[in-house]
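Read-outs throughout are calculated quantities, based only on the coordinates presented, and are distinct from any laboratory measurement. Quantities reported herein were computed from a predicted structural model and do not represent experimental measurements. Neighbour counts are summed over all protein chains in view; Cβ atoms, including those assigned to glycine, are modelled from backbone coordinates with ideal geometry.
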Amino acid sequence: MGAQGEERCEKFIERFQMCEDPDNNAPSHYAVHYSSAMIVCAYLIRLEPFTQQYLQLQGGHFDHPDRLFQSIGSSWKSASEQNMADVRELIPEFFYLPEILTNHNKFNFGTNQKEEKVDDVILPKWAKGDPRLFIEKNREALESEYVNANLNDWIDLIFGYKQQGEEAVKAVNTFHYLSYEGAVDIDSIEDPIQKLATIGIINNFGQTPRQLFKKPHPKRMEIASNNTLLQQQQISQDLQLNIPQNIMNNFVSLSAQYRIHTHAKSLIQSALPIKVVPNQIISDVKLINEKVIVVGSSKTLIPPNFNKFMEIDYLDNSLRLFQTDNGKLLNVFENLMHIGHITCITFSDQDTLITGGSDAVICIWKFENSKVTNLALKSSLRGHLKKILVLAISKSYNFLVSGGEDNVAIIWDLNKKKYIKTLTGHDSPVTVLAINENTGDICTSTSTVLKIWSINGDLLFSKTVSNQISDPGRSSEVFSTVCVITGHKKGHIKLWIKMPTSSGIMSTTSQTNISTISNNKSDNALNTYMELKLVKTLEQHTNACAISYLYIPSSQRYLISGDIYGRVYSWGFPDGGNTEIHYCYGENCFSCNSKFTVLERKLNCRCCGGSK
């Protein structure tokens, strides 16, 4: 980070050559480190609890306003051109947390020499004043093919063979000797003052991570398409990066890597269902070792092996545990804490079961899945006023979202088992929930309107996904930062892409029923330069019926849909990119329900002649 530009690099080399340490300690190029507690807290100064940590490091008061983090542009110039004592790197929050750029807590940072009040961070022009757009573009650049192709160079500097020794000197990459692991034996220092000083330097100056590699790290092998090249060129233009054309051309390959959000218009439905569960509404699909595991409504599979499932919707309000492969009943759990019916159920992990009921209560249970299975109540969550209809869990961020008949969704902290925030403004019961595991964004959906919220409960988008009351949305899946997929009653599957507004002007969710939006503070986030646009409507080509389940695997190469007839289809690309899916034929004809013999082909029924 310090050697940005040839002129600046020469100055650090000159400093290294002129450095004379009276204690014969190793000279260094940089007098400061690229990462320390003060650097991290300075970037996060607007966000608690880091504000208090910054004040502790600073003696209980904020630094001079001109030295605070207040502008992306000035910080970049300081660390790359102007200040020889500034070699700081960006912290991970610059790629996922826009809240670090806004002064939500209204701290008084003072006024700088230009007589400007220090408040929100000043963003580059291409961010158009939107912290979320800045973070999103930053993340796109970080995940681009250009970074993938050059990531090994950064690894060599931080963790690899250029961290220490002669290679580090050649790479202009040496820091204070005390920042390296094992540079000094603190226990051997007898002078208590010197010992405390050494510990203070290590704590405050910054520490270089452990050296993991002694040889050059290999480059990451990536296959990119022409479309990917265009994306990287667009990112380069958006961020004003001067990436040479010959480097960009290196990403072009004869074999294209398709993704749903980049080639949505090319998706085609499988000719036959990959799985059929007659007379069941598909509610859950898992892929384990090329095997498709499917369960119907009122059932949920138990992780991590999914060899068992739990079922609700019995007249005695019990929970029942079954074996997945043969449907054998293993246990019955009765007299639970719910007053009334259990309406929804999910597992956050193999040991934690979460249930929602008609009594508007959410119960968290300890599930002991040993020789003798047992349920023990851990906590009860109360916040809804009516029946709870749906539950969704983020395993990455460990929070729960519940939706109910009271037209609200509520975010719950699963670590502390406490209420976080209510998502209001829905015009009808919340029937569908989905969570993006990468960003923590939350998708809530009613019969016609889809809303996307940040992990902190700020409303980002509100979109009418169906104008027909007879064709409401039934299911949705947020699988990336740019794509939302909705399933509908008439068998439609709609793919929505998050794109900049056509005019480039801040949009207040045009084409949205604004009357459905509440007047709370989070609705200010509706002012955005991005909007959802419909790019593809997939039509089932056989006996179209309501879509009840959608799933996208981590490869993002295909889509799986389940319907109320018990059929599971895959949607892939013409190149056969969904080859990891294997067709699983049932024992009965789907049309006439005639049982197949052991040696009979299951592609066509001998009785009705229909294709299974």
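Using the 2.2 N^0.38 Å rule of thumb for compact globular proteins, work out how region 339-431 stacks up: its C-alpha Rg over that value, please. It would help to have the intermediate numbers written out before the result.
Details: Rg = 13.1 Å, N = 93, 2.2 N^0.38 = 12.3 Å.
The value comes to 1.06.
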Exercise. Can you tell me the FRET efficiency between Arg15 and Phe159 if r is taken as the Cβ-Cβ distance and R0 is 35 Å, rounded to the nearest 0.05?
Key: 0.90
Quiz item: Any idea what the dipole of region 260-366 comes to, in debye rounded to 20, about its Cα centre with Lys/Arg Cβ at +1 and Asp/Glu Cβ at -1?
Solution: 400
Self-check item: Segment Gln194-Asn279, extension gain: residue separation times 0.36 nm, minus the distance between their alpha carbons
Solution: 22.9 nm
Quiz prompt | Selection from Phe159, Gln194, Val147, by position along the positive dipole direction of region 137-205 (Cβ) | solution = Val147
Practice problem: Can you grab the distance from the C-alpha centre of region 183-222 to the C-alpha centre of region 2-76, Å, no decimals? | Solution: 17
Exercise. Please give the residues of region 343-358, grouped as numeric ranges, whose backbone N is less than 20 Å from a label point set 7 Å along the Cα-to-Cβ vector of Asn398.
Key: 346-355
Practice problem: Filter the cross-link list Lys125/Lys417; Lys291/Lys395; Lys114/Lys421; Lys114/Lys463; Lys395/Lys533 down to pairs whose alpha-carbon distance in this structure exceeds 32 Å. | Solution: Lys125/Lys417; Lys114/Lys421; Lys114/Lys463
Quiz prompt | Extension gain (nm, one decimal) between Val147 and Leu336, 0.36 nm per residue minus Cα-Cα | solution = 62.8 nm
Self-check item: Unsatisfied cross-links (Cα-Cα over 24 Å) in the set Lys387/Lys451; Lys11/Lys170; Lys265/Lys490; Lys265/Lys489; Lys366/Lys416
Solution: none
Quiz item: Leaving out same-chain residues fewer than 8 places away, which aspartates and glutamates sit with a Cα under 13 Å from that of Lys219?
Solution: Glu145, Asp153, Asp156
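Just want to confirm a number: the relative contact order over region 6-205, from Cα pairs under 8 angstrom separated by 6+ residues, in percent. Don't skip to the end; give the middle numbers.
Numbers: 205 pairs, mean separation 49.5, N = 200.
Relative contact order for region 6-205 comes out at 25 percent.
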Quiz item: Radius of gyration and Dmax for region 6-205's Cα atoms, expressed in Å?
Solution: 19.0, 57
